[in-house]
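Here's the structure we're looking at; comments come further down.
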Amino acid sequence: MNDTFHIRPIEPHDNPAMAAIIRSVMPEFGADGPGFAIHDAEVDTMYEAYAQPQSSYFVVERDGEVIGGGGIAPLENAEPGVCELRKMYFLPQARGIGAGSAMMQRCLDAARMHGFHRCYLETLTGMDAAQALYARSGFTPLCAPMGGTGHFSCDRFFIRDL
């Protein structure tokens, strides 16, 4: 394999691969208990979940294999104009090759295209590489969660203007 990768919109046949990635990566960081995105109903139907208005989901593909993904959607129970960066997870082979930065840019561009003015995300202490990416991408920490994601076990919250 090489370090080249391709980011494209999710397709229906990507659902099993993304579900497997989410269910593999989240436990790696201790994010498999109650209150984490691993239990969201959309994990098995990512294509359908992000085929909704103001939503986009992308996958990272390398050598024909899906190795990660990320997306944006309106932040639940929040003011209009705020989206959430959601379900951005990468297998180990997708890390350290620039896929995270490229995916972040693709998601933020999609958020702007959908008319959002701010982007929110939540994560977990210990996801240090992800938090470094968020900081490099212009996100700043918040003291408390926004909206109503249902992810009550997340303990780090970030926002950025678009």
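A few remarks follow.
- GNM top mover of CYS107, CYS143, CYS119 - the chain, alpha-carbon springs below 10 Å: CYS143
- Across all C-alpha atoms in the chain, the radius of gyration and Dmax reach 14.4, 44 Å.
- Spin-label proximity, THR4 to the stretch 30-66 - amide N less than 13 Å from point 7 Å beyond Cα toward beta carbon: 62-64
- Segment GLN54-ALA102, length gained on full extension (0.36 nm per residue, minus Cα span): 15.3 nm
- Here the simple spin-label model places points 7 Å from the Cα toward Cβ, and for ASP40 and GLU79 these points are separated by 2.3 nm.
- Label-reachable residues, the stretch 71-96, where backbone N falls under 17 Å from a point 7 Å from ALA132's Cα toward its Cβ: 90-96
Bear in mind these aren't lab numbers, they're just calculated from the coordinates by the rules spelled out. A quick note: this is a predicted structure, and the numbers were derived from the prediction, not measured. Note that we place each Cβ from the backbone using ideal geometry, even for glycine, and neighbour counts take in every protein chain shown.
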